[in-house]
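Reviewing the structure listed below.
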Amino acid sequence: MAFKTKLPLKILLAKVGFDGHDRGVKILTSILREHGHEVIYLGKYLMVPMVLEAAMQEDVDIVGLSFLGGSHLTYCEEIADGLRRRGLSQVGLMVGGVIPDKDIERLKNAGVHAVFTTNTDTRDILTFLDAFAASRVAPSTPADS
Amino acid sequence: MEPSGSSNVPALRDGVLAGDPAALAQAITLVENKLAGWQPLLSGIQDRVGRASVVGFTGPPGAGKSTLVNEFIKEQRRRKRTVGVIAVDPSSPKTGGAVLGDRVRMTDTALDGGVFIRSLASRGRLGGLSSAAPQIVDLMDASGRDVIVLETVGAGQSEVDIAGLADVTVVVCAPGLGDDIQAIKAGILEIADLLVVNKSDQPLAKEAVRQLKAMLMLRQGAGADVEVISTIATSGEGVRELADAVDRHPRARFSADERASRRLAQLRRLITEGALQIVRHRCEANDHAVTELGHAVLRAETDLESASYTLLKVILG
C-alpha cells in the first residue's frame, strides 16, 4: 500500500509494579497496531526508571500504562514527574485499567492526559490518540516525497 | 510530532557526538522520519563514522534472537564496551502499524547507561531492515557506541540486507523445526558469518548442529569455514563463545581500506535504493496516469512494458 504521509504515533505500553494482569495491555497493543500506530510493548513487572529510560531512548510520542492492582496513583505521579525531570514533558501519558472514578481528577492533575477505566470502548482510545496526534505540531512532510 | 526543527540541528549534532542519549534518540527520530534537518545532521557526523563494529542477528521467528541479543549485550558490557541496539520488527502492510516487541526481552540492561536500544518498524521495506537502518547505525557509531547490534525481522529467506550493513552476520536458528533448516538452506545461510543453534538444551539440538555442519561441508570456497555455535539464550550458555567467535572473525577486524570500500558498496546500494524509492513515490503520486495506462492495456491499445516506459516518461518528464 501507499505509505502514509502522516507519521504513525510511536506509543510505549507498559505495566509497572507487582501487577501481572497483562491481557488488556496486550489486546490494546494489537488494536493500536491495527490502527496504524507503532507500538513498543515493554512488558510487565517493570520499575519506573525502566519506563522512563525506554521512553527517552525510543523518543515516543506517548506512554500508556495499565493498572489492575490499585497502585496507579503512586506510579503515575512518579512517571509524570520523571518525564518532566528528564525534559520529556512533550511525551503524552495515558492510563487504563481498574481505576476508580474518584482518582481520575488526581491523575489528570498529576499530568495524565487520558484515563480509560474498565468498559472503555476501544474506539474512545483511538479517538483520543487521533486528537492527541492532531494537537501536536504538524509533522514535516517527508523530504524525499 | 517532532519538535526539533532545522535550527536545532547543530545542537543535536553536538549532543550526538558527545554521546548524549537523549540527543541520539531525537536524532534517530529526525533521520527515521526524514524530518527537516536530517540531511545536514547526517553530513555533520560523517567524519566521526566508521569506528564501531556492527554485528547483525537474523533468523527465523521464534529462534530466540532477542533473548540471545539480550545476553550478547551483557557479554559486551562485561568486555567494557558500550552498546547500541537497533531492533527491527515488521510493519503491517495493510495498516502501516507495528508491534515492536524485541525490547521486552532486553530488559536486563534497561538501566545501564552503556546500552542504548532503539526499536524500528520496517515500514514497508523488504529485506528485514528499515530503510533508515544504515543511517541510524551511523548515528550510533558517531555517538561513540563501541558495538552496534542489529536485530532484523525474522521472516526467513529475504533478510540479506543485514549482511551488507553488518561487519559480522550471525544467523540464529533453533532445533526441532525441520522447516527452520529448510528456511535457512537457500537464503540466509549464505549470508551467515557465524551460525548459532539456540535452545541447544532441546533434544534435537545435536541433530540440528550436525545438519548445518553437513550442509557447510558441501559448500565450496568462501563460507565453508563458518563456525556453528550452540547456545542456550535463556541461561546465557554459549554466549561467551559466541562473543569470542565474533571478535576473532576476520570480518570484525576490517582494515581502514576495507571499511572504506565496504562503505562505498553500502552507499552505492543506498543511492540505487533511493532512486527506486523516488520512482515509487512518483508513481504513487501519479495514480491517475497509472489508472489510465491500465485502461489502455485493458483495451489492448498498448502492452505492459510500453505502458511502464510511458509511465516513466510521465513521472520523470
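Under a 5 Å amide H cut-off, with hydrogens placed 1.01 Å from N, B:ALA98 pairs with A:HIS37, A:GLU38, A:VAL39, B:SER92 among residues at least 5 apart or on other chains.
With neighbour counts taken as other beta-carbon atoms within 10 Å, the residues A:LYS108, B:LYS74 rank, fewest first, as A:LYS108, B:LYS74.
Across the options A:LEU88, A:GLY70, A:LEU13, the greatest Cα extent toward the positive end of the charge dipole of segment A:1-107 (unit charges at beta carbon of Lys, Arg, Asp, Glu) belongs to A:LEU13.
Residue pairs exceeding 26 angstrom between C-alpha atoms, taken from A:LYS44/B:LYS65; B:LYS34/B:LYS74; A:LYS15/B:LYS80; A:LYS10/B:LYS34: B:LYS34/B:LYS74; A:LYS15/B:LYS80. Of the residues B:VAL54, B:ALA163, B:ILE191, the one whose Cα sits farthest towards the positive end of the charge dipole of chain B is B:VAL54 (charges of +1 on Lys and Arg Cβ, -1 on Asp and Glu Cβ, taken about the Cα centre).
Summarising the strand pairing of segment B:24-167, around 5 percent of its internal DSSP beta bridges are antiparallel. A simple count of charges around B:ARG269, restricted to other residues whose Cβ falls under 12 Å of its Cβ and scoring Lys, Arg +1 and Asp, Glu -1, yields +1.
Each label was represented as a point 7 Å from its Cα along the Cα-to-Cβ direction; for A:PHE18 and B:ASP47 these points are 5.6 nm apart. Secondary structure note: in the protein assembly as shown, about 5% of the DSSP beta bridges are antiparallel. If you take the Cα centroid of segment A:89-128 and the Cα centroid of segment A:52-77, the two points sit 12 Å apart. Per-residue Karplus couplings for segment B:25-35, computed as 6.51 cos²θ - 1.76 cosθ + 1.60 with θ equal to phi - 60°, are listed in order as 4, 5, 4, 5, 4, 4, 6, 4, 9, 6, 7 Hz, Gly and Pro entered as x.
For A:LYS26, the aspartates and glutamates whose Cα comes closer than 16 Å to its Cα, not counting residues fewer than 8 places off in the same chain, are A:GLU34, A:GLU38, A:ASP121, B:ASP102.
Per residue of A:40-47, other chain Cβ atoms within 10 Å of the residue Cβ number 5 on average.
Each value in this text was obtained by applying a stated rule to the coordinates, not by laboratory testing. What you see is a predicted model, and the numbers here were worked out from it, not measured in a lab. Cβ: placed from backbone, ideal geometry, glycine included. Neighbour counts: every protein chain shown.
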